[in-house]
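The values are calculated or read from the model by the stated rules, or taken from the named source; none is laboratory data. Keep in mind it's a predicted model, so treat the numbers as computed, not measured. Reconstructed Cβ throughout: ideal geometry from the backbone, glycine too, with neighbour counts over all protein chains shown. Remember, those area values only see protein heavy atoms, side chains included, never the ligands or the DNA or RNA. Shrake-Rupley method; radii C 1.70, N 1.55, O 1.52, S 1.80 Å.
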Amino acid sequence: MKKDLNFFMAGTFTISLILAGNSSCQRKFDEPPAFIAPNISANNSIKALKAMHTMGGLEQINTDMIISGIVVGDDKSSNLYKQICIQDSTGGITVNLGGSNLYVDYPVGRKIFIKCKGLYISDYNRLIQIGMIDNSSPSSPSLTAIPTTLFDTFLVKGSLGNTIIPRPISINQLSDSLQSMLIQIKDSVQFAATDTALTYADVSASKSSVNRTIIDCSGNKTVVYTSGYANFAGVKTPKGKGLITALYFVYKTTPELILRDTSDAKFIAQRCAASKISIATLRNFYSGTDILLGSVAITGIVISNASNLAAGNMIIQDGNSGIDLYFGSTSSTAKFNPGDSVFIDLTGGTLTNYKGMMEVNLPATSLPSKASGINKIITPKVVTIAQLINNISAIENTLIQINNATASSTSGTTYSGYKTLADATGNTTLFTAPSASFAASVLPTSCQNWIGYANIYSTLQFQTRSTKDVTAATGCILNKSFTAAYTFSDVTTTSGTTDPTKVPAAEGITFGSFLAVGVGSNSSSAGRFSFSSWPLGATNGSNNFTGTLSGTQYFEVTITPASGYQLDLNALSFTIQRSATGVRQWAVRSSIDNFANNLIASISPANNAIIANSNNIFQVVDRGTTTAQTGCSIAFGSNHTNLTNPVKLRFYGFNAESTSGTFSLNSVNIIGNTH
């Protein structure tokens with residue numbers, strides 16, 4: 001027991017020594033010095049500084065201007081490089097500083113003062129910045145960073161821990177007045193479907209910067225720009241929606257949001273619920289430029305055969321409107337058949353015009369896993385090819401039926417490739433992809449009814465889904481050429497003002513008899529249509545004419561296409577004859593422009609006895625010429641094609657030397673075709 005007591009006492013003594021020692025070592029450490037505010041104050045605002053700049057210019061600051069602001073963006077995450085952004089109550093500006101780890105001395109929340117005299121203000125692709133001048137190329141000086149050795153010359157550090165509340169703003173309110181300021185999109189936003197769950201930037205060796213699109217639930221959009229060197233470049237964008245806080249930059253005409261770190265994007269809520277719209281409404285969104293779609297969805301019935309489309313495409317129809325959807329070339333659209341009904345969420349898709357066809361570009365994830373219904377029926381709308389051509393914007397990618405049409409080919413006997421499809425109203429391209437399941441089937445060249453859809457792929461084209469879309473028909477009207485020859489062989493001196501000769505005949509067209517209007521009551525000669533009493537205006541021995549064409553004196557013929565046919569007038573040739581005092585000039589006009597202009601006149605074959613002048617007026621060269629003259633030719637323009645209503649041709653004689661002088665048509669040939 002004694003041994004134990006000695007141990008206790010020894011231990012007690014030792015502890016006492018330790019406590020005594022500790023007591024003797026206690027010291028009072030130095031406290032950190034209190035922050036002393038710099039003896040400086042701002043005499044101008046950031047807004048006033050920026051007002052000195054003209055876009056594209058480089059201005060030196062020569063006055064004792066001092067600005068101050070709170071740092072709202074630094075380089076801590078490396079999403080800014082050799083830059084900080086400061087902001088006061090009037091605006092923000094980017095400061096170019098030639099150093100790294102700027103956040104150590106100029107962290108977010110620090111107030112700084114900038115003595116601007118000697119600095120320069122400019123813009124980089126419209127983002128206004130302040131810095132020094134680079135004169136290495138005297139002819140084109142540019143803005144450069146303030147070197148580290150001059151930081152303390154121009155920058156004065158102020159207090160730490162200051163807070164700036166981001167300015168709430170909507171995407172459609174973004175403007176240059178917000179440059180370099182800390183903002184918060186006040187409406188919930190989400191990354192576009194095509195940019196969801198992807199890394200903020202390129203994490204490969206190239207470390208490329210990337211724009212990711214964000215949209216609000218109304219479809220307004222802008223981009224989030226992230227440097228490939230940002231420490232969060234490899235983080236994936238969130239799938240939800242929420243609020244985003246960012247620095248506002250611009251690059252040329254593109255607004256950009258710059259995140260300081262991923263905590264600036266708080267996207268934890270469910271994504272915007274897609275509102276269902278019709279395909280007609282969707283198509284009306286497009287006005288010539290690409291549209292990034294907001295939270296909208298469509299339903300429709302598949303009318304396409306995937307094998308006859310480029311990979312990843314699908315065409316659906318809702319009511320009287322259709323649209324092409326592209327999900328990417330690796331998407332399995334082949335699992336959907338004509339008649340399947342589908343629901344498509346278009347959020348984040350792009351409504352665009354691809355080679356003339358309206359389509360929506362979507363990510364592969366937007367392709368439904370399966371149809372919501374099968375064996376749905378869309379009744380094709382019956383149209384003619386002319387109606388298709390004239391109304392393609394309304395008919396595009398809807399199910400149609402072209403009746404009584406024939407296909408022809410200059411390249412092979414199968415469906416594969418480009419063929420021609422023609423009906424009585426016109427023709428168009430019939431296209432079948434070589435990959436189509438029926439591409440190797442024999443193309444029928446007889447009269448058929450055709451079901452399919454049409455669109456524009458650089459040029460208008462019609463496509464079927466299978467050989468079942470093509471059925472036999474019997475009412476085809478083929479393109480038929482004609483030459484209508486008027487000989488006037490039965491004309492007599494007592495046959496009156498209507499040619500009694502049998503009129504020409506051609507399929508799908510009715511030719512009228514020639515009439516003489518406003519002139520003599522009978523032909524002056526038999527076997528030709530010859531009349532007197534033409535407008536005067538010529539004198540013997542002179543080519544100076546004083547008369548003009550009269551709208552009440554002419555020969556006339558009417559040509560009428562039959563119902564279901566169209567008429568093309570291609571050319572006209574005729575032989576004339578005059579008496580010694582008869583007309584010296586003549587011209588031909590048409591009812592197409594209400595007889596307002598002379599039709600294009602020429603002499604073919606050549607005939608030195610007559611000419612066609614620059615006003616498309618025929619003229620006899622020698623008044624002594626009284627024999628029959630050939631070579632009068634008329635060319636009809638494109639306004640004389642695809643005619644479905646009667647057309648009248650009038651032959652006007654004028655500048656006769658006397659009322660007894662005659663002018664006759666000895667023969668007329670009208671060349672054209674019906675279809």
By residue number, the members of the range 246-269 that are open to solvent by 20 Å² or more (accessible area, probe 1.4 Å) and either at pLDDT below 90 or among the β-branched types (Val, Ile, Thr) (or both) are 253, 254, 262, 268
Only one of 413, 483 is in contact with a Leu (Cβ under 9 Å, 6 or more places away or on another chain) and not small (Gly, Ala, Ser); which?
-> 413
Show the residue pairs that are 6+ apart or on different chains and have beta-carbon atoms under 7 Å apart, the first residue being within the range 106-126 and over 30 Å from residue 36 (Cα atoms), the second being of a type in the set (A, V, I, L, M) and surrounded by 15 or more Cβ atoms within 10 Å (Cβ to Cβ).
-> 121/49; 121/52; 121/61; 121/128; 121/130; 122/58; 122/143; 126/250
Looking at (1) open to solvent by 20 Å² or more (accessible area, probe 1.4 Å); (2) without any contact (Cβ under 8 Å) to a residue 40 or more places away in the chain, find the lone condition where residue 380 falls short.
-> (2)
Within the bounds of the range 194-203, is there any residue that is surrounded by 13 or more Cβ atoms within 10 Å (Cβ to Cβ), at positive phi and of a type in the set (Gly, Ala, Ser)?
-> no
May I ask you to verify whether residue 95 is crowded, with 22+ Cβ neighbours inside 10 Å, out of contact with any helix residue (DSSP H, G or I) (no Cβ under 7 Å at 6 or more places or on another chain) and among the β-branched types (Val, Ile, Thr)?
-> yes
Of the residues 315, 298, which single one is in contact with a helix residue (DSSP H, G or I) (Cβ under 8 Å, 6 or more places away or on another chain) and open to solvent by less than 10 Å² (accessible area, probe 1.4 Å)?
-> 298
Does residue 420 meet the test of being open to solvent by less than 50 Å² (accessible area, probe 1.4 Å), of a type in the set (S, T, N, Q) and touching a strand residue (DSSP E or B) at 6+ places or on another chain (Cβ under 6 Å)?
-> no
Output for Cβ contacts, cut-off 8 Å, separation at least six or different chains, first residue within 18 Å of residue 385 (Cα to Cα) in the range 420-444, second part of a strand (DSSP E or B) and among the basic types (Lys, Arg), reads 429/419; 430/419; 431/419; 432/419
Could you pull out the residue among 558, 546 that is of a type in the set (S, T, N, Q), surrounded by fewer than 18 Cβ atoms within 10 Å (Cβ to Cβ) and farther than 28 Å from residue 483 by Cβ?
-> 546
If we ask which residues in the range 460-488 are assigned to a loop (DSSP other than H, G, I, E, B) and open to solvent by less than 80 Å² (accessible area, probe 1.4 Å), their number turns out to be 9
Taking the range 174-202 only, how many residues are part of a strand (DSSP E or B) and within 17 Å of residue 88 (Cα to Cα)?
-> 3
For residue 180, which of the numbered conditions (1) at pLDDT below 95; (2) at positive phi fails to hold?
-> (1)
Strands (runs of 3 or more DSSP E) (entirely within the range 88-173) containing at least 2 residues that are in contact with a Leu (Cβ under 8 Å, 6 or more places away or on another chain) = 92-98, 111-115, 120-124, 127-134, 142-144, 167-169
In this structure, does residue 623 turn out to be surrounded by 16 or more Cβ atoms within 10 Å (Cβ to Cβ), part of a loop (DSSP other than H, G, I, E, B) and at negative phi?
-> yes
Those residues that are open to solvent by less than 20 Å² (accessible area, probe 1.4 Å) and either in a strand (DSSP E or B) or modelled with pLDDT under 95 (or both), I need them from the range 644-669; list them, please.
-> 647, 649, 651, 652, 653, 654, 655, 656, 663, 664, 665, 668
Got a sec? Which of 601, 596 is in a loop (DSSP other than H, G, I, E, B), under 46 Å from the mean Cα position of the chain (by Cα) and within 29 Å of residue 508 (Cβ to Cβ)?
-> 596
Residues (on the phi < 0 side of the Ramachandran plot, assigned to a loop (DSSP other than H, G, I, E, B) and crowded, with 20+ Cβ neighbours inside 10 Å) located in the range 345-366 = 346, 347, 349, 362
Could you check how many residues of the range 471-509 are among the β-branched types (Val, Ile, Thr) and closer than 27 Å to residue 450 by Cβ?
-> 4
Has the range 490-505 got at least one residue that is β-branched (Val, Ile, Thr) and modelled with pLDDT under 95?
-> no
Within the range 569-580, count every residue that is under 14 Å from residue 636 (Cα atoms) and open to solvent by 20 Å² or more (accessible area, probe 1.4 Å).
-> 3
Inside the range 436-459, can you point out the residues that are open to solvent by 20 Å² or more (accessible area, probe 1.4 Å) and touching a helix residue (DSSP H, G or I) at 6+ places or on another chain (Cβ under 6 Å)?
-> 437, 441, 451
Please give the strands (runs of 3 or more DSSP E) falling wholly within the range 501-572 in which 3 or more residues are within 18 Å of residue 620 (Cβ to Cβ).
-> 529-531
Return the residue satisfying two criteria in turn: it lies in the range 105-160 and is aliphatic (A, V, I, L, M) and closer than 14 Å to residue 66 by Cα, and of such residues it is surrounded by the most Cβ atoms within 10 Å (Cβ to Cβ).
-> 130
